[in-house]
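The values are calculated or read from the model by the stated rules, or taken from the named source; none is laboratory data. These numbers come from a predicted model, not from an experiment. Ideal geometry is used to build each Cβ from the backbone, glycine not excepted, and the neighbour counts take in all protein chains shown. The protein model used for the area step is the full one, side chains on, heavy atoms only, and it has no ligands, DNA or RNA in it. Shrake-Rupley method; radii C 1.70, N 1.55, O 1.52, S 1.80 Å.
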Amino acid sequence: MSLAGEGAVAIWHDIAPEGRGEFYAWHGREHMPERVGIPGFLRGRRYVAIEADLEFFNLYEALSVETLKGQDYTARVNAPTPWTLSAVRHFRSVARSICRVAHSAGPAQGGLMATLRYDVPQGGETVHREALLRRFIPDLLDTPGVAGVHWLVADDEASGVATAEQKARGVANAVPRRVLLLESWGDEADFVALAKQALSSAALDAVGGEGP
């Protein structure tokens with residue numbers, strides 16, 4: 001299933017052990033309902049790691065990048081609630097990008113998702129885009145167990161704005177400039193093996209990417 005809109009907020013992070021209970025309660029009871037209540041926000045999801053460098057991945061889908069740069073979202077992230085100020089103190093190693101959905105396709109929404117944060121060398125964007133759209137993404141979509149493939153490109157200016165919520169965490173966010181999302185409806189072990197192969201360093205090099 002394609003993503004719900006043409007804009008997305010992608011967030012990866014860890015949570016300090018002493019803050020896990022508060023994080024789960026806050027995120028489910030207040031934060032996600034608050035976010036998807038903003039005009040133009042369409043859907044919010046949270047995943048927990050099977051194997052990853054950061055434990056949590058949160059994805060918010062919006063009508064457009066302009067929605068994510070607009071006054072409603074800007075006002076919200078710059079006026080955090082008391083519970084938000086308390087909860088975000090437990091965030092660690094945050095990577096966050098406000099993104100344009102450059103491509104999104106697939107027959108369904110998956111309960112499993114692999115994410116790859118990476119970059120493209122200067123001057124290599126056109127070659128990279130052609131390689132992704134011509135073969136890499138279509139081949140993945142033809143792979144058994146794949147429910148969707150999504151390519152996100154960060155809006156560097158919007159992603160770099162220091163909001164009140166970020167300041168409350170006390171450290172700057174890393175800003176991934178390119179993101180590939182691979183969704184699956186299959187079994188966990190099979191999908192982990194597929195993701196490690198499909199999103200490997202060699203596979204990324206072959207389409208002109210670098211990183212992660």
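Before moving on, here are some points about what is shown:
- Debye log10 I(q)/I(0) at q = 0.22, 0.23, 0.24 Å⁻¹ for segment 3-52, Cα point scatterers: -0.96, -1.01, -1.06
- Taking L182, L141, L68 in turn, the Gaussian network model of the chain (Cα-Cα springs below 10 Å) assigns the largest fluctuation to L141.
- Loop sites in segment 1-78: GluC sites (Glu not before Pro), DSSP, at most 14 other Cβ within 10 Å: E51
- Between A174 and L133, residue separation times 0.36 nm minus the direct Cα-Cα distance comes to 12.1 nm.
- By the Kirkwood approach, averaging reciprocal distances over each pair of separate Cα atoms, the chain gets a hydrodynamic radius of 17.7 Å.
- Counting Lys and Arg as +1 and Asp and Glu as -1 over every other residue whose Cβ lies under 9 Å from the Cβ of F57, the net charge comes to +1.
- Size of segment 17-107 from its Cα atoms: along the principal axes, largest to smallest, the extents are 37, 33, 21 Å.
- Think of a 1.4 Å ball rolled over the protein heavy atoms: segment 84-168 then has 45 Å² of accessible area per residue.
- Measuring nothing but how far apart in sequence close Cα pairs (under 8 Å, 6+ apart) lie, relative to its length, the chain scores a relative contact order of 27 percent.
- Rolled with a 1.4 Å probe across the full set of protein chains, the surface gives K196 an accessible area near 120 Å².
- Nearest-10 value in Å² for the accessible area of D142, using the 1.4 Å probe: 130
- Among L180, L133, L199: highest mean-square fluctuation, GNM of the chain, C-alpha pairs under 10 Å: L133
- Taking 7 Å steps out from each Cα toward its Cβ at A105 and E30 produces label points 4.3 nm apart.
- Among I137, I38, I98: highest mean-square fluctuation, GNM of the chain, C-alpha pairs under 10 Å: I38
- Distance between the 7 Å Cα→Cβ label points at K196 and D142: 2.6 nm.
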